[in-house]
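What follows is a short report on a single structure.
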Amino acid sequence: MSAVLFDVPGPQAQRRARIGAAVAAVLATVLVGLVLWKLAAEGEFESELWEDLRQPNIARAIGQGLTSTLSAAASAIVLSVVFGAVLAVARLSDHRVFRIPAAVVIEFFRAVPLLLLIMFVFFGFSNLFSDYWSLVLALMLYNGSVLAEVFRAGVNAVPRGQSEAASAIGMRKSQVMSSVLLPQAVTIMLPAIISQCVVVLKDTALGVIIAYGDLVFQANLIAESVNHTIVPLALAALIFIVINYSLSRLATWLERRFAERGRGGAGGTGTADLQLDPVRGGAGD
Amino acid sequence: MDTLVENRAEIWEGFRLTLWMLLVSGILATVLGTVLASFRVSPVGSLRAIGTSYVNVFRNTPLVIILVLSAAFWPTVGLNSIGVLGYSTFVTFAVLGLSVYTAAFVCEAVRSGINSVATGQAEAARSVGMTFTQSLRLVILPQALRAVIPPLTSIYIALAKNTSVAAIVGVPEAAYVMRRLSNKFTSDVYAIFLGIALGYVIIVLVLSGLLQLAERRLAVAR
């Protein structure tokens, strides 16, 4: 409930809210019930479908798909963080030779749909990369560019005194960046990085375009073999929702912890003043 | 290069479809997202629960799954041919899927926009006797709208890029054209990629330019 919108409701308003809640709940239940009833009437939940889904080879296929999805996502995340850090350092550099190419790379890969990148790496370097590496590298190019901007914001959010102090005790510019600014930026931006993991995990599903055997690919195969689409795909969706929801809860929890530590003032990293992206996962990409 | 020039008609058709999907699903997602946001800030508990579940479900599901499910779901519940303006039923299903997915993000953006309005504004509205609907419509939403434009800009940009996912369910938009051409003219993959990518870059630049313009138009001294 938004504090902006209401005063504390009185007894009458509370009663009205309760009646409204009941009506809305009934309407929603009826709507969902109607849809489920219609799906059942069309035979989407037939008992032989569940028999099919209980077969051990189907469970194995889903397990394999999940493993493929998670391993691609894990490699992609690690590589994206490294690639993003390199790009961010280059973009923050004092030298134009590094700054301008980094900016071009970041802006280009952020503006091009990931699906195009996946197809390009796959078709363009087909003798060099397997489907797995095509997917991972495309994910790295896109998410690395997004993370580069996250890191840059993080480095800029580290209080100026930190880099001044580091310079004052005689550190070189590269030392200031690698041992003072980046470690703090990564810590501050940890919630944003975890949110990006959710994006990466969702985006591995785009591997179906090059027939990478991820969870969605396997779910599609199962759907074809049992001749029903909705249940197998909904099952895959459920697995994604559970993992991603847990990840985003972790991100929120970390964000709150950092905000509290920042307010305590002992660490003095100033995280409390930092505007972290309030909308998790940003914009749906 | 020649491949791009020779197939310009097909590429142009692809981008027209991309733009059409962007326009329609952008509008639908904005409407649905705003309704959901009003659910999420309403005093009615079950509406809040509906809004929250919607956002958690659709924001955490890969778009591919939503598009595949959308193509299977609508015909099953009886919507069999709903081609709009000469575009096929497949396009409509993809547009509905994109809208449903994007609405979850619009909802969050609008909700944080509403929460960014200073409490005093709403208190003032209430103290002059406005009802909930009046204060929302006349005082809070106009101000929230301004706070919402920057996040909405990135949502629309993401949507423009996400229309490419419809290629997976067989909608012949720009990414689909790229796959077809890459399969057909294997020696020209680099030029094809750069050409189609440039199209998307232009869409993204124009979109963010337009929304920045809107942001400046709507800006008021506060």
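Scanning for something basic (Lys, Arg) and modelled with pLDDT of 85 or more, does segment A:252-267 turn up at least one residue? Write out each step before concluding.
From segment A:252-267, those basic (Lys, Arg) are A:256-257, A:261, A:263; that's our starting set.
Going one step further and asking which of them are modelled with pLDDT of 85 or more, we end up with none.
No, because not a single residue in segment A:252-267 is basic (Lys, Arg) and modelled with pLDDT of 85 or more.
Only residues that are under 16 Å from A:THR29 (Cβ atoms), facing chain A (nearest Cβ under 7 Å) and in contact (Cβ under 8 Å) with a residue 40 or more places away in the chain: list them for segment B:43-56, please.
none
So B:PHE93 clears everything in (1) crowded, with 19+ Cβ neighbours inside 10 Å; (2) aromatic (Phe, Trp, Tyr); (3) touching a strand residue (DSSP E or B) at 6+ places or on another chain (Cβ under 7 Å) except one condition, right? Which one?
Only one criterion is unmet by B:PHE93, namely (3).
Which one of these is part of a helix (DSSP H, G or I), touching a residue at least 40 places away in the same chain (Cβ under 8 Å), within 13 Å of chain B (Cβ to nearest Cβ) and open to solvent by less than 30 Å² (accessible area, probe 1.4 Å): A:VAL199, A:VAL136, A:VAL155?
Values: A:VAL136 fails: within 13 Å of chain B (Cβ to nearest Cβ); A:VAL155 fails: within 13 Å of chain B (Cβ to nearest Cβ).
That would be A:VAL199, the only listed residue that is part of a helix (DSSP H, G or I), touching a residue at least 40 places away in the same chain (Cβ under 8 Å), within 13 Å of chain B (Cβ to nearest Cβ) and open to solvent by less than 30 Å² (accessible area, probe 1.4 Å).
If I filter segment A:224-250 down to residues being within 10 Å of chain B (Cβ to nearest Cβ) and of a type in the set (Gly, Ala, Ser), which single residue comes out as nearest to A:LEU39 (Cα to Cα)?
Among them, the one singled out is A:ALA234.
State yes or no: is A:VAL121 touching a helix residue (DSSP H, G or I) at 6+ places or on another chain (Cβ under 9 Å) and either surrounded by fewer than 20 Cβ atoms within 10 Å (Cβ to Cβ) or assigned to a loop (DSSP other than H, G, I, E, B) (or both)?
It is false that A:VAL121 is touching a helix residue (DSSP H, G or I) at 6+ places or on another chain (Cβ under 9 Å) and either surrounded by fewer than 20 Cβ atoms within 10 Å (Cβ to Cβ) or assigned to a loop (DSSP other than H, G, I, E, B) (or both).
I want to confirm something. Restricting to segment B:174-192 and keeping residues that are of a type outside the set (Val, Ile, Thr) and within 24 Å of the chain's Cα centre (by Cα), which single residue is nearest to A:PHE109 (Cα to Cα)?
Residues of segment B:174-192 that are of a type outside the set (Val, Ile, Thr), as a first pass: B:174-176, B:178-185, B:187-188, B:190-191.
Adding the requirement that they be within 24 Å of the chain's Cα centre (by Cα) leaves B:174-176, B:178-179.
Details: B:ALA174: 17, B:ALA175: 15, B:TYR176: 19, B:MET178: 17, B:ARG179: 18 Å.
It comes out as B:ALA175.
Just the residues that are polar (S, T, N, Q) and more than 7 Å from every other protein chain (Cβ to nearest Cβ), please, taken from segment B:57-72.
Of everything in segment B:57-72, just one residue is polar (S, T, N, Q) and more than 7 Å from every other protein chain (Cβ to nearest Cβ), namely B:SER70.
Would you kindly identify the helices (runs of 4 or more DSSP H) lying entirely within segment B:110-222 that contain at least 1 residues that are more than 9 Å from chain A (Cβ to nearest Cβ) and closer than 26 Å to B:VAL35 by Cβ?
Counting at least 1 such residues, we get B:119-127, B:141-162, B:189-218.
Test each condition in (1) open to solvent by 90 Å² or more (accessible area, probe 1.4 Å); (2) under 28 Å from the mean Cα position of the chain (by Cα); (3) not acidic (Asp, Glu) for A:ALA74 and report the one that comes out false.
Failed condition: (1).
Check segment A:56-72 and report whether any residue there is outside any helix (DSSP H, G or I) and either among the aliphatic types (A, V, I, L, M) or at pLDDT below 90 (or both). Reasoning before the result, please.
Taking segment A:56-72 first, the residues outside any helix (DSSP H, G or I) are none.
Checked against the condition, which is being outside any helix (DSSP H, G or I) and either among the aliphatic types (A, V, I, L, M) or at pLDDT below 90 (or both), segment A:56-72 yields no hits at all.
Out of (1) outside any loop (DSSP other than H, G, I, E, B); (2) at pLDDT below 90; (3) out of contact with any Leu (no Cβ under 7 Å at 6 or more places or on another chain), the odd one out for B:SER81 is which?
Here B:SER81 meets the rest and fails (1).
Is it the case that A:VAL150 is over 18 Å from A:GLY207 (Cβ atoms) and at pLDDT 90 or above?
The answer is no for A:VAL150.
Determine, yes or no, whether B:PRO151 is under 15 Å from B:ASN115 (Cα atoms) and crowded, with 18+ Cβ neighbours inside 10 Å.
yes
Can you tell me which residue within segment A:95-113, out of those that are outside any helix (DSSP H, G or I) and in contact with a helix residue (DSSP H, G or I) (Cβ under 7 Å, 6 or more places away or on another chain), is farthest from B:GLU173 (Cα to Cα)?
Of all residues in segment A:95-113, those outside any helix (DSSP H, G or I) come to A:95, A:112-113.
Next, only the ones that are in contact with a helix residue (DSSP H, G or I) (Cβ under 7 Å, 6 or more places away or on another chain) stay: A:112-113.
Numbers: A:VAL112: 15, A:PRO113: 13 Å.
For segment A:95-113, the residue satisfying everything is A:VAL112.
Given the conditions (1) within 11 Å of another protein chain (Cβ to nearest Cβ); (2) under 19 Å from the mean Cα position of the chain (by Cα); (3) within 24 Å of A:LEU39 (Cβ to Cβ); (4) open to solvent by 30 Å² or more (accessible area, probe 1.4 Å), which single one is not true for B:VAL77?
Failed condition: (2).
Could you figure out which of (1) within 16 Å of the chain's Cα centre (by Cα); (2) farther than 25 Å from A:GLU44 by Cβ; (3) open to solvent by 20 Å² or more (accessible area, probe 1.4 Å) isn't true of A:ILE239?
(2) is the only condition that A:ILE239 fails.
Select, from A:LEU190, A:LEU182, A:LEU221, the only residue that is closer than 30 Å to A:SER93 by Cβ, away from chain B (no Cβ under 11 Å) and open to solvent by 50 Å² or more (accessible area, probe 1.4 Å).
The conditions single out A:LEU190.
Can you tell me how many residues within segment B:14-65 are small (Gly, Ala, Ser), crowded, with 19+ Cβ neighbours inside 10 Å and within 30 Å of A:VAL231 (Cβ to Cβ)?
Result for segment B:14-65: 5.
For A:ASN244, work out the one condition from (1) out of contact with any Lys or Arg (no Cβ under 8 Å at 6 or more places or on another chain); (2) at pLDDT 85 or above it doesn't fulfil.
A:ASN244 satisfies all of (1) out of contact with any Lys or Arg (no Cβ under 8 Å at 6 or more places or on another chain); (2) at pLDDT 85 or above except (1).
The values are calculated or read from the model by the stated rules, or taken from the named source; none is laboratory data. Just so you know, these numbers come straight off a predicted model, no measurement behind them. No Cβ is skipped: glycine too gets one built from the backbone with ideal geometry, and neighbour counts run over all protein chains shown. Remember, those area values only see protein heavy atoms, side chains included, never the ligands or the DNA or RNA. Shrake-Rupley method; radii C 1.70, N 1.55, O 1.52, S 1.80 Å.
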